[in-house]
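S.K.: The structure's right below; bear with me while I get my questions together.
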Amino acid sequence: MELIWDGIREAFDILRSGDFSIWEIALRSLLVSGSATAISLVIGITVGAMLAFNEFRGRNLAFALVNTGMGLPPVVVGLLVAIFLWRSGPLGGLNLIYTPGAMVVRVRPWAIIPLLRIEPVSRDSPLHRQDPFRCRASPSAR
């Protein structure tokens, strides 16, 4: 336990030292995480609401793909995104592999997929008449 407290004290000492590079790294990390979260919320909620509240051809396939995405290990998704961004990959010409933009792209799939899994309350349900925008958790989330 002492080792943990020593590490925490040392981390605060480094931050208090005023080293610009440490603060730059910390702020970049917050910017990348915040950007990825904001973009994922906009995309995930928009597409999730469209899936939940609209009937269209291929809707069951879309739900199957979302469920498949939720079951993939994060390492697999990260590797697929990295392969696309490598210099020899399909998006390699953009030279994004080690940029903050690429970091945002790599974080996004983990935040979007759970947001897509919104299911509406049945239109025949008494709950729908009370609050048509209320959603219930999917059976896979219970």
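S.K.: Which pairs turn up if I take residues in the stretch 1-30 that are within 26 Å of Gly101 (Cα to Cα) and look for partners that are surrounded by 10 or more Cβ atoms within 10 Å (Cβ to Cβ) and modelled with pLDDT under 90 with beta carbon separation below 6 Å, at least 6 apart in sequence or on another chain?
M.R.: Ile22/Ile14
S.K.: Would you point out which residue out of Val75, Val42, Val47 is under 29 Å from Tyr98 (Cβ atoms), under 15 Å from the mean Cα position of the chain (by Cα) and loosely packed, with under 11 Cβ neighbours inside 10 Å?
M.R.: Val75
S.K.: Looking at (1) closer than 30 Å to Ala11 by Cα; (2) exposed (fewer than 12 other Cβ atoms within 10 Å of the Cβ), which one does Leu61 not meet, given that it meets all the others?
M.R.: Status for Leu61: all satisfied but (1).
S.K.: Leu31 is checked against (1) surrounded by fewer than 12 Cβ atoms within 10 Å (Cβ to Cβ); (2) on the phi < 0 side of the Ramachandran plot; (3) modelled with pLDDT of 85 or more and fails just one. What number does that condition carry?
M.R.: (1)
S.K.: Next question, about the same structure. For the subset of the stretch 78-95 comprising residues that are in contact (Cβ under 8 Å) with a residue 12 or more places away in the chain and more than 15 Å from the chain's Cα centre (by Cα), which member is surrounded by the fewest Cβ atoms within 10 Å (Cβ to Cβ)?
M.R.: Taking the candidates together, the pick is Ala82.
S.K.: Testing Ser122 on (1) touching a His at 6+ places or on another chain (Cβ under 8 Å); (2) modelled with pLDDT of 85 or more, one condition comes back false. Which one is that?
M.R.: Ser122 satisfies every listed condition except (2).
The values are calculated or read from the model by the stated rules, or taken from the named source; none is laboratory data. Since this is a predicted model, take the numbers as computed values, not measurements. With ideal geometry, Cβ positions are generated from the backbone for all residues, glycine too; neighbour counts draw on all protein chains shown.
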